[in-house]
Amino acid sequence: MLKLNDIHVYRGQTYVLKGVSLEVGRGEIVALIGANGAGKTTTLRTISGLLTPKNGSIIYTPEKDDPPWDISGAQAEDIVARGIAHCPEGRGVFAQLSVRENLMVGAYLRNDKKQIEYDHERVCHMFPILGERANQAAGSLSGGEQAMLAVGRALMTRPRLLILDEPSLGLAPLVVEFIFDMLAEINSQGVTVLLVEQNAVMALKLANRAYVLENGQVTLSGPSDELARDEKVRRAYLGGE
Ligand SMILES: Nc1ncnc2c1ncn2[C@@H]1O[C@H](COP(=O)(O)OP(=O)(O)O)[C@@H](O)[C@H]1O
Ligand SMILES: [Mg+2]
């Protein structure tokens with residue numbers, strides 16, 4: 001569904017991604033793990049059109065029979081409109097807007113009013129707090145609730161591919177557990193997931209496959225259960241011996 005081929009990205013003068021290649025198959029949950037500063041956020045921002053790679057291609061095939069589309073250098077809003085939703089690092093909720101307004105921001109490129117209301121109901125069913133607090137300012141929500149709002153807002157775009165940047169960051173273990181359960185649920189409803197995480201334990205539990213990013217390069221990849229058993233991964237990311 002998504003294929004990055006040899007992506008190189010500079011941020012200012014800094015050479016950040018040094019030839020990243022990775023694939024996300026339709027229906028999969030793929031994790032991208034790595035330490036702080038490895039280039040995970042840069043990778044996601046490049047996929048969603050917020051950064052432009054120096055070279056390489058990002059081939060996106062929304063549906064099986066669609067023609068493959070190179071989205072490197074495409075406009076971010078065209079990429080969203082074609083089904084890639086980005087749940088950003090730090091959530092990016094609009095503190096002054098209400099919870100409902102934040103969710104509706106996710107639907108702003110759509111004009112299928114009935115479907116939008118239906119999707120809003122589905123999101124509130126998945127995260128009941130977002131329905132209960134519909135008219136409250138998003139800034140007054142707890143960190144965990146804001147994380148749910150960010151996922152909900154991404155779902156309001158009707159994504160085929162949901163990319164998430166460290167949804168677990170700063171959250172209590174039970175909240176992380178709940179959000180990851182919901183990601184599994186979202187995936188079971190047909191949404192492909194690419195998940196960036198420093199929390200390798202949780203990410204490897206949820207994902208089918210994973211990539212390890214170090215210093216702007218993929219150094220390891222494979223089925224999550226294999227990576228979870230890998231000596232080097234255990235030492236560097238799982239706190240094992
Ligand atoms: N706006 C920027 N300008 C210059 N360098 C940046 C910028 N943003 C990030 N970087 C650098 O790019 C590298 C990768 O950052 P990032 O993709 O945020 O890593 P991660 O998400 O894995 O923690 C880091 O060395 C960081 O300092
Ligand atoms: Mg990051």
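Brief remarks follow.
- Pairs with Cβ under 8 Å, 6+ apart, first in segment 31-42 and more than 6 Å from ligand 1 (Cβ to nearest atom), second of a type in the set (Ser, Thr, Tyr): 31/211; 31/224; 32/43; 32/211; 33/211; 33/237; 35/237
- Flag if residue 169 is within 29 Å of residue 22 (Cβ to Cβ), touching a helix residue (DSSP H, G or I) at 6+ places or on another chain (Cβ under 6 Å) and surrounded by fewer than 17 Cβ atoms within 10 Å (Cβ to Cβ): no
- Residue 95 vs. criteria aliphatic (A, V, I, L, M), at pLDDT 95 or above, open to solvent by 30 Å² or more (accessible area, probe 1.4 Å) and part of a loop (DSSP other than H, G, I, E, B): yes
- Output for segment 177-212, where each listed residue is β-branched (Val, Ile, Thr), open to solvent by less than 10 Å² (accessible area, probe 1.4 Å) and either farther than 17 Å from residue 224 by Cα or touching a Phe, Trp or Tyr at 6+ places or on another chain (Cβ under 6 Å) (or both): 179, 186
- Segment 150-171, residues that are within 22 Å of residue 112 (Cβ to Cβ) and outside any loop (DSSP other than H, G, I, E, B): 151, 152, 153, 154, 155, 161, 162
- Of the criteria (1) touching a residue at least 24 places away in the same chain (Cβ under 8 Å); (2) over 25 Å from residue 4 (Cβ atoms); (3) of a type in the set (A, V, I, L, M, F, W, C); (4) more than 16 Å from ligand 2 (Cβ to nearest atom), which one residue 129 fails: (1)
- Selection status of residue 163, away from ligand 2 (no atom under 16 Å from the Cβ), of a type in the set (A, V, I, L, M) and out of contact with any Lys or Arg (no Cβ under 6 Å at 6 or more places or on another chain): no
- Subset of segment 166-198 [within 16 Å of ligand 2 (Cβ to nearest atom) and under 14 Å from residue 87 (Cβ atoms)]: 166, 167, 168, 169, 171, 194, 195, 196, 197
- Taking segment 15-42 as the range and being away from ligand 2 (no atom under 16 Å from the Cβ) and either under 19 Å from residue 232 (Cα atoms) or not aliphatic (A, V, I, L, M) (or both) as the test, the residues that pass are 15, 18, 19, 21, 23, 25, 26, 27, 28.
- Qualifying positions in segment 204-213 - touching a strand residue (DSSP E or B) at 6+ places or on another chain (Cβ under 9 Å) and either farther than 20 Å from residue 36 by Cβ or modelled with pLDDT under 95 (or both): 206, 208, 209
The values are calculated or read from the model by the stated rules, or taken from the named source; none is laboratory data. This structure is a prediction, so every number in the text was calculated from the model and none was measured. Cβ coordinates were reconstructed from backbone atoms using ideal geometry, including for glycine residues, and neighbour counts include every protein chain displayed. For accessibility, only protein heavy atoms count, side chains too; no ligands or nucleic acids. Shrake-Rupley method; radii C 1.70, N 1.55, O 1.52, S 1.80 Å.
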